[in-house]
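Worksheet: one structure, shown below.
The values are calculated or read from the model by the stated rules, or taken from the named source; none is laboratory data. Only a predicted model underlies this, so the values are computations on that prediction, with no experimental measurement involved. No Cβ is skipped: glycine too gets one built from the backbone with ideal geometry, and neighbour counts run over all protein chains shown. We work out accessible area using only protein heavy atoms, side chains counted, and drop any ligands, DNA or RNA first. Shrake-Rupley method; radii C 1.70, N 1.55, O 1.52, S 1.80 Å.
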Amino acid sequence: MAFDLSKMRNIGISAHIDSGKTTLSERILFYCKKIHAIHEVRGKDGVGATMDSMELERERGITIASAATNVTWKDTFINVIDTPGHVDFTIEVERSLRVLDGAILVLCSVGGVQSQSITVDRQMKRYNVPRIAFVNKCDRTGANPFRVTEQLREKLSLNAVMMQIPIGLEDRLQGVVDLVTMKALYFDGDGGEEVRIEEIPAELKDQAEERREMLLDAASMFSDELMEAMMEENVTEELIYDAVRKGTLSLQMTPVFMGSAYKNKGIQPLLDGVLRYLPAPNEVENKALDLDNDEQEVILESDPAKPTVALAFKLEDGQFGQLTYIRVYQGNLKKGDELYNVRTRKKFKVGRLIKMHADSMEDISEAPCGDIAALFGIDCASGDTFCKPGLNYSMTSMYVPNPVISLAISPVDKKAADNMAKALNRFTKEDPTFRTYVDPESNQTIVQGMGELHLDVYIERMKREYKAEVEVGQPQVAYREAISQASEFNYTHKKQTGGSGQYGRVAGMMEPVEDKDFEFVNQIKGGAIPTEYIPACEKGFRAALEKGTLIGFPIVGVKVTINDGQYHPVDSSDMAFQQAAIGAFREAYAKSKPVILEPIMKVEVEGPAEFQGNIFGSINQRRGMIVSSEEEGSGCKIEAEVPLSEMFGYSTVLRSLTQGKAEFTMEFAKYGRVPQSIADDLKAAYQKKLASQNK
């Protein structure tokens, strides 16, 4: 039997934190008869929402990892991915939207368009994902879906059109009026599963007529037939549905639905809206790059007869090994098929093919074209493309934002160290925004992520899932030492032991140099130091640069010129001249007024112009220097130079100052001199550390 692609939808549920995404997906599962009882997010009944399957998610009442499931509504098969709302887990939204054909943008009817709604909207636009909006929480005090629809237009520049109006609001919310059929819908029964259709209440008649006119005006822009029918006054429901669908698929219209997921109102019409207005897999154009043909773009066809092309968009390490979520873009995928990983250039056989429902799974024998499924036991990375052998196509990769925060972690004992290594290896493979490296200077293990909550969750998961107890601290800043004035040196290294001794004298000049770590100049004349010993002198000076005497960090910006010296025909050697150079350097370094340098970062902050004053204040408090600031529309962009040591924890401060609406990026710019008071503190801490080591 051929699978009917028009009876399939791949949708994501995305929104700002606490807008009710997980509550909504719980109701969708219930009305599609996937679950038989509704559980709440912060499970008072001890169960918690189905889609928040991780223990940490249930405790904190937030979604951390996106969860996939599948349901059937009115004979249409829907793959649903519930994504996190928190900015720290933005990669989960990013990779889900990369493979989805449509999305439901959930908004709180009190909060309206919030900071993360803006981010999610930006992500949807990046991947050209058509969306319908659902204004949730219409039962809350202060609910106003009309205001939220206006905000969608103003803040997100969406052509938002109401498909419904509410019957009552706040604690008087009873149902919704459908502006296409012009009927009132009420939701009866314990879980709101019975939809009762009535005539529109008399007091809402005028408002419904007015809003319907607005809907018809907006929809008629996408359908000449509807425009003609409006003139002849014989508008049919089908004409409206078709016009709204065209507008939505062309990304030029956003139908707005409303209700309350918590109070079980308005979910069934929303599901009808998903079927009516969001695209089937064969209505979306997906492209791949042909690697054998100069990376030419190839349009993938949702045709089961074509060779298979699939994308691995998410990895998870379960109790049975690595689980790889894939989206099939072309061809069918069957158990036992051979596939080719384009990145690693290795072939593998499809062993287990499964369908996910939150954290439970069911084995399937075939994943049709356009479907989302999962494979077991395959070694691959997030973003790999799998093709039928013979094809060499690669799907375009997803956008991965750069990490904004770092922490130093150290294991408490040997066992924890082994477990920590395993955990880090797995987390970095699963999550491209979580990165780790060992700092060559401080030898600390540094983890980087999208925010403090992001790293918090991973450190907590290390303890729970891997029994890896770790201590967390701020990463050490990579300071440098430098000289501030020139000085001369004349140093003799003499050492007499039994047999031949060691002898070497070097003299010359040491001075500061800009834009170079080290420069060595040989001005020896008349063979005062034989040519074969000159490299040994340079080696000695380089060795001395590795650790300064102020705070034990490398020394930079030094030019050394040697112009005199002396050797002994028997006692001189490479070793002797290396030691002489080290001694000469230390002698001159003490006289050259050494100073401490710190890394200065180039910081760019973008956010709404109304918070410009707060952002300026936060940079000035951190010893920052503002380089430029410009206003564009309602936003502002500020460039500044700020010492790295002052930037720890800045992401949290910036979010609280700007209601989460501003974001920043930073990169290394240069080294700058540390103020005297801070330099004194650093020296004192270094001396204390040396004293404790010598005890």
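Observations, loosely collected:
- Residues within the range 142-167 that are surrounded by 15 or more Cβ atoms within 10 Å (Cβ to Cβ), part of a loop (DSSP other than H, G, I, E, B) and without any contact (Cβ under 8 Å) to a residue 40 or more places away in the chain, tallied: 2
- Candidates in the range 555-573 are the residues that are assigned to a loop (DSSP other than H, G, I, E, B) and touching a Gly at 6+ places or on another chain (Cβ under 7 Å); of these, the one that is surrounded by the fewest Cβ atoms within 10 Å (Cβ to Cβ) is Asp571.
- A count restricted to the range 112-141 and to residues that are crowded, with 18+ Cβ neighbours inside 10 Å and at pLDDT below 85 stands at 11.
- Of residues in the range 365-390 being more than 26 Å from the chain's Cα centre (by Cα) and open to solvent by 30 Å² or more (accessible area, probe 1.4 Å), the one nearest to Lys306 (Cα to Cα): Lys388
- Count - residues of the range 243-295 that are of a type in the set (S, T, N, Q), within 21 Å of Met214 (Cα to Cα) and surrounded by fewer than 22 Cβ atoms within 10 Å (Cβ to Cβ): 2
- The condition of being closer than 29 Å to Ala312 by Cβ, hydrophobic (A, V, I, L, M, F, W, C) and in contact with a strand residue (DSSP E or B) (Cβ under 8 Å, 6 or more places away or on another chain) does not hold for Leu453.
- Total residues in the range 275-307, condition more than 29 Å from the chain's Cα centre (by Cα) and in a loop (DSSP other than H, G, I, E, B): 8
- Per-region count, the range 360-379, residues in a loop (DSSP other than H, G, I, E, B) and farther than 17 Å from Arg9 by Cα: 5
- Pair list, Cβ under 9 Å, 6 or more apart: the range 534-551 residue assigned to a helix (DSSP H, G or I), other residue among the charged types (D, E, K, R) and open to solvent by 10 Å² or more (accessible area, probe 1.4 Å): Pro535/Asp574; Ala536/Asp574; Lys539/Asp574; Ala544/Arg586; Leu545/Asp517
- Looking only at residues of the range 325-356 that are part of a loop (DSSP other than H, G, I, E, B) and aliphatic (A, V, I, L, M), we find that the one that is surrounded by the most Cβ atoms within 10 Å (Cβ to Cβ) is Val350.
- Options Ala482, Ala528, Ala468, Ala507; residue that is in contact with a strand residue (DSSP E or B) (Cβ under 8 Å, 6 or more places away or on another chain), part of a loop (DSSP other than H, G, I, E, B) and surrounded by 17 or more Cβ atoms within 10 Å (Cβ to Cβ): Ala468
- Within the range 638-695, the residues that satisfy the criterion of being under 15 Å from Ala478 (Cβ atoms), part of a strand (DSSP E or B) and open to solvent by less than 60 Å² (accessible area, probe 1.4 Å) are Pro643, Ala669, Gly672.
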